[in-house]
Structure formats: structure tokens, C-alpha cells
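Shown next, in C-alpha cells, is the structure this report addresses.
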Amino acid sequence: MTSADWSAVRLSLLVAVGAIVWILPIGIAVGWWLGRGRLRGRAIWETVIALPLVLPPVVVGFGVLYLCSPRGPLEGLWASLGGSPAFTPYGAIIAAGIVAFPFLARSAAAGFGNVDDRLVAAAAGFGAGPWMIARTIIWPQAKPALWSGIVLSFGRALGEFGATVIVAGNIPGLTQTIPAAIYQRVQIGDDAAAGRLVLISVVLALVTIGWATALVNRKR
């Protein structure tokens, strides 16, 4: 393993963790809204949230790149923050988070939606307030689905290529993640280096899946 390979591994893990950090509160809020709220046009909202699952990642990346452009609709925001996140690790984190978001939001919605409302009604009848009901009844029942969504989102962000390479580029040591590094190694004919990174990707995927299964089973 070369230093460039290790850099790609570290950046992939950083991007995946960063993506989870920024989408987690939004995903939980959206999941609660979908799972516990009384919505009109629920199917429309669910379709919009699921769009990143079916759109080509490069399409998602192009949209994110447009929003991250220093001359785009959010130019004032980026100026106030010191510069555009395009072609930086922050851009990769934003792109990976958007692609992974549906896994988290849909899992959270399923978890909150499957809460036994009879228990909620019984607790309310005994005088429990909304916070106590959420903490002692809703959250414990929804937790396995939430953990599953978090780990699946982490795995999706870890393996994202199309959106991140459009937004952040493929700059070795700066924005090159494992998938982008594999692509570059294949392009230059370095099959041995590509094979090492493929093996690391398989190991990380197995660890992620095993982690998700263990967490869900334990929480249940």
C-alpha cells in the first residue's frame, strides 16, 4: 500500500463519516415527519426524497456542483463561509450525503411509522407527556430501523463515486476517494494497485454489513 492509497482510504472514511454527521439530524426530522405526521401528498414527498436512489449519480453531482458554484444561486452563502466547497473534501461530503440521504430518511420513516400507537395512547392516558412518550416508547421502537439506516447510509457514502467525482474532482491526496482512486489506477494500467483498493473496498463493505446486522439484532 502506497501513501496515496492510504490517503484515499482515509478520505473515503472521512467523507462517509462527515456525510452521516450532516444528514443525521435532517434524516431523523424527515423520518419523523413522514412516519408520524399527517401529510397530504405523502407519495409525492416520498418520491422526491427517493430521487437520489434512481437518478444517475453524475446527475446528482451536477446539481450539487451547480449549487456549490461560486457564481451559483448560493454564492452569498459560500462567500460568507470563505469559499465554495467545490473541488474540496467538503464538496465530496455534501455530495455523498445527498446520495446517501434516502437510505437514512426512509429507514427512519419506517421505524417511526411502525411504532405501536396503542402504547402511545396508553402512555398518554396515564399522563405521560410528549417528551416522555418520545423517549421511552417511540425512540426505543424506532431505534433498530434508525441504526440500520445510519449504517446503510454510511456504506453508500463510502462507496460513492459519480456524484463525488463531479463535485470534488479526483485530486490525489485532496479529494481522491477509494472509488476514484480505483478508476484512476485502472485508467493508467496499474492493476495491482487497483486490486489492492478493490480488496479494501470489499473488506469495508463486509464490515459495514456485519456492523449493521449486529446492531439491528442487538437493538431488537
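The values are calculated or read from the model by the stated rules, or taken from the named source; none is laboratory data. No experiment lies behind these values; they were computed from the predicted model shown. Ideal geometry is used to build each Cβ from the backbone, glycine not excepted, and the neighbour counts take in all protein chains shown.
Could you go through the range 158-167 and let me know if any residue there is surrounded by fewer than 21 Cβ atoms within 10 Å (Cβ to Cβ), over 27 Å from the mean Cα position of the chain (by Cα) and either aromatic (Phe, Trp, Tyr) or outside any helix (DSSP H, G or I) (or both).
Scanning the range 158-167 turns up no residue that is surrounded by fewer than 21 Cβ atoms within 10 Å (Cβ to Cβ), over 27 Å from the mean Cα position of the chain (by Cα) and either aromatic (Phe, Trp, Tyr) or outside any helix (DSSP H, G or I) (or both).
Need pairs with beta-carbon distance below 7 Å; first residue of a type in the set (Phe, Trp, Tyr) and within the range 78-107, second in a helix (DSSP H, G or I); sequence gap 6+ or separate chains.
Once the first residue is of a type in the set (Phe, Trp, Tyr) and sits in the range 78-107, its partners that are in a helix (DSSP H, G or I) give PHE87/ALA168; PHE101/ILE23; PHE101/GLY27; PHE101/PRO52; PHE103/GLY149; PHE103/LEU152; PHE103/SER153; PHE103/ARG156.
Which of the residues belonging to the range 120-142 are surrounded by fewer than 16 Cβ atoms within 10 Å (Cβ to Cβ) and not in a helix (DSSP H, G or I)?
PHE126, GLY127, GLY129
Only one of these is of a type outside the set (Asp, Glu) and under 17 Å from VAL9 (Cα atoms): ALA145, ALA157. Name it.
When all the criteria are applied, what remains is ALA157.
Taking the range 16-46 as the search range and keeping residues that are under 30 Å from ILE178 (Cα atoms) and free of Cβ contacts under 8 Å to residues at least 12 places away in the same chain, which one is surrounded by the most Cβ atoms within 10 Å (Cβ to Cβ)?
The qualifying residue surrounded by the most Cβ atoms within 10 Å (Cβ to Cβ) is VAL21.
Filter the range 4-15 down to residues that are in contact (Cβ under 8 Å) with a residue 12 or more places away in the chain, surrounded by fewer than 22 Cβ atoms within 10 Å (Cβ to Cβ) and not charged (D, E, K, R), then give me how many there are.
Final tally of qualifying residues: 5.
Does ALA145 fit the bill of being at pLDDT 90 or above, in a helix (DSSP H, G or I) and crowded, with 21+ Cβ neighbours inside 10 Å?
So ALA145 fails the test.
Can you name the residue in the range 108-119 that is surrounded by 14 or more Cβ atoms within 10 Å (Cβ to Cβ), within 30 Å of the chain's Cα centre (by Cα) and not small (Gly, Ala, Ser) and is also nearest to ALA16 (Cα to Cα) among such residues?
Only one residue tops the list, namely PHE112.
Quick grid of which residues meet (1) closer than 23 Å to ILE28 by Cα; (2) touching a Gly at 6+ places or on another chain (Cβ under 9 Å); (3) without any contact (Cβ under 8 Å) to a residue 12 or more places away in the chain:
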| position | (1), (2), (3) |
| --- | --- |
| ARG135 | yes, no, yes |
| PRO140 | yes, no, yes |
| LEU146 | yes, yes, no |
| SER153 | yes, yes, no |
| ILE171 | no, no, no |
| GLN184 | no, no, no |
| ASP191 | no, no, yes |
| ILE200 | no, no, no |
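Just to be sure, is ALA105 more than 18 Å from VAL15 (Cα to Cα), of a type in the set (A, V, I, L, M), under 18 Å from the mean Cα position of the chain (by Cα) and crowded, with 22+ Cβ neighbours inside 10 Å?
yes
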